[in-house]
Amino acid sequence: MNKQILLILLPALLSATGCKQQKASEAEGTIAEAEAHQPLPPKYTARYDKSVMPARIDIERAVADSVPVNLSKVASSIEYFMVGDDKYPITDVVATNEGFIALNQPKLYLYRKGMKRKRVGLKTTYGNWMSAAESKISFDKTTTRLYAQLKRINPETGYGEPYIVELPPLDTVLTRVYYLYPDSLPISSRHYLLQKTSFIRYLSSDQYATQHENKDGIDDGITTFNLKGDTICTFIAGIDPTTKRGDYLYQPPFFDKIYRHGDQITFRLSFCDTIYRIRDEQTYYPAYVTDFGKLRLTAIENIQGKDLKNKAWMTALEENAKALFIRTYKEGKSSESGWLDAGREPDMPPEERQIVYLKSAKKTFALPVKAQGLTNDLDGGLPFWPDGQTDGYLYMIRPAKELKAKIKLTGSPKQKELKAFLDGVDEKQNVMIVVK
């Protein structure tokens, strides 16, 4: 079903879902804590601020060279946490008032510096977690409530229905003797959503975002909404002209990102050069423009399966107060036709690059491929490249065995904490490295 149609049907569907949940609860002898709510239509019409001149990130020029960048250019502190093994790898991290909550799927743990990890009292199975690539959990520092994005299987359709569950304040959850099960929480704590919201991004306790589709089935913006199902506003991005992707090959270079930078929502969509920020509930503006030059892959080239040789596109984006961190991929050329193709051009391997845009200098740098990240001049540890971000922090997860094998301890005073950590870490564990 087209997302535009789903958005139109959002009020009725959420209302019906709410009624069903209430009746089911009453049938089981549970008192429903919230009356069914009729979701409201869009509260605002988006306003685009054309007066803002976006900063230019010159990726084409940067990848023509290699320039090392020190970690101290983008961060001033570094911390290490033991975070379990590969049996339950970390799939999401959120900052709290006293540490970091990580989803070692299916379990939640609170990690605090110098303390043993603490199990957060939500119990569910691996299959109940949302399958989205990121942002399955979120935390409100004001109320200290944790929000988990889960799903349940509808026995009538066989499909997973996404919902967001509100846990009690963190200190309450941590001291529980018995675990909380999502289905044991009151109706008012469970917010059932449409399947279209499988790509959900937390913005605040009363505001979330999901993608918005155009008539061709391509994401062309984001829609903000609250947990009652009320639509707040839809913000359209300046994506390339597209065609119905179902009529052509569906290639992989699709990358979307929605996150919160400070108090502003930030988003970037596939086939859009611009990274946007939302200033208030209805006003947005262009923050950055990524310039791929001749390397740029257009939407039509991608959707119709054209030759992607020498084309490049974004595959990851993170941000902190000092820089943007962009990963790109450039398609190479390979032929295995042997002597029949003796006159062909030489094979060119694909190339992944790490791009850093320094905000204060307004300059773009492509790191040397062999560097594998920013040069760690904070404590001489591993080169750093973010796997994710949370509330101004950047984090990277690596096996403890890799740290022990690759880090050279020199006796420098700045390595005192690092040495103490390495002396006590179990080789079978993974390590979360956090910088700010």
task: Identify, from the list Pro168, Pro155, Pro162, the residue that is surrounded by 13 or more Cβ atoms within 10 Å (Cβ to Cβ), over 20 Å from the mean Cα position of the chain (by Cα) and not β-branched (Val, Ile, Thr).
output: Pro168
message: Going by what's in this entry, would Lys244 be described as more than 20 Å from Glu301 (Cβ to Cβ), of a type outside the set (Gly, Ala, Ser) and open to solvent by 30 Å² or more (accessible area, probe 1.4 Å)?
response: no
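Can you pull out the strands (runs of 3 or more DSSP E) entirely within the stretch 136-224 that have at least 2 residues that are among the hydrophobic types (A, V, I, L, M, F, W, C)?
Qualifying strands (runs of 3 or more DSSP E): 137-139, 145-153, 160-169.
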Looking only at the stretch 18-41, and only at residues there that are within 17 Å of Tyr163 (Cβ to Cβ) and modelled with pLDDT of 50 or more, the one that is farthest from the chain's Cα centre (by Cα): Ala36
Failed item in (1) modelled with pLDDT under 90; (2) open to solvent by 20 Å² or more (accessible area, probe 1.4 Å); (3) under 25 Å from the mean Cα position of the chain (by Cα); (4) under 26 Å from Gly127 (Cβ atoms), with Leu7 passing the rest: (4)
message: Under 9 Å between Cβ atoms, which residue pairs at least 6 apart in sequence (or on different chains) link something in the stretch 152-175 that is farther than 19 Å from Met130 by Cβ and polar (S, T, N, Q) with a partner that is at pLDDT 85 or above and open to solvent by less than 20 Å² (accessible area, probe 1.4 Å)?
response: Thr172/Gly121; Thr175/Gly121
task: For the stretch 138-151, enumerate the residues that are β-branched (Val, Ile, Thr) and without any contact (Cβ under 8 Å) to a residue 60 or more places away in the chain.
output: Thr144
query: How about the stretch 358-382: which of its residues are open to solvent by 50 Å² or more (accessible area, probe 1.4 Å) and under 25 Å from Gly84 (Cα atoms)?
result: Gln372
- prompt: Taking Met130, is it touching a helix residue (DSSP H, G or I) at 6+ places or on another chain (Cβ under 8 Å) and open to solvent by 60 Å² or more (accessible area, probe 1.4 Å)?
  reply: no
message: If I filter the stretch 283-297 for residues that are exposed (fewer than 15 other Cβ atoms within 10 Å of the Cβ) and either out of contact with any His (no Cβ under 6 Å at 6 or more places or on another chain) or closer than 17 Å to Tyr357 by Cα (or both), do I get at least one hit?
response: yes
- request: Being in a strand (DSSP E or B) and more than 30 Å from Lys116 (Cα to Cα) is the filter; apply it to the stretch 36-93 and report the residue that is least open to solvent (accessible area, probe 1.4 Å).
  value: Ile57
- prompt: Here are some residues: Tyr44, Tyr48. Which one is modelled with pLDDT of 90 or more and in contact with an Asp or Glu (Cβ under 6 Å, 6 or more places away or on another chain)?
  reply: Tyr44
task: Scan the stretch 275-292 residue by residue and report those that are part of a strand (DSSP E or B) and touching a residue at least 40 places away in the same chain (Cβ under 8 Å).
output: Ile275, Tyr276, Ile278, Thr283, Tyr284, Tyr285, Pro286, Ala287, Tyr288, Val289, Thr290, Asp291
- request: From the list Arg268, Arg327, Arg279, pick out the single residue that is of a type outside the set (Phe, Trp, Tyr), within 28 Å of Ser360 (Cα to Cα) and surrounded by fewer than 16 Cβ atoms within 10 Å (Cβ to Cβ).
  value: Arg279
- prompt: Is one or more of the residues making up the stretch 94-115 surrounded by fewer than 20 Cβ atoms within 10 Å (Cβ to Cβ), more than 22 Å from Met432 (Cβ to Cβ), out of contact with any Gly (no Cβ under 7 Å at 6 or more places or on another chain) and of a type in the set (Ser, Thr, Tyr)?
  reply: no
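With modelled with pLDDT under 90 and among the small types (Gly, Ala, Ser) as the only criterion, which of Ser77, Ser72, Ser135 stands out?
One residue alone meets the criteria, Ser135.
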- prompt: Are there any pairs with C-beta distances below 8 angstrom linking a residue in the stretch 114-130 that is over 15 Å from Glu98 (Cβ atoms) to a residue that is open to solvent by less than 70 Å² (accessible area, probe 1.4 Å) and part of a helix (DSSP H, G or I), with the two at least 6 apart or on different chains, and if so which?
  reply: Gly121/Val173; Gly121/Leu174; Leu122/Val173; Leu122/Pro182; Thr124/Pro182; Asn128/Pro182; Met130/Ser198
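The values are calculated or read from the model by the stated rules, or taken from the named source; none is laboratory data. Keep in mind it's a predicted model, so treat the numbers as computed, not measured. Because the Cβ atoms are built from the backbone with ideal geometry, glycine has one as well, and the counts that use them run over all protein chains shown. Calculation scope for accessible area: heavy atoms of the full protein, side chains included, ligands and nucleic acids excluded. Shrake-Rupley method; radii C 1.70, N 1.55, O 1.52, S 1.80 Å.
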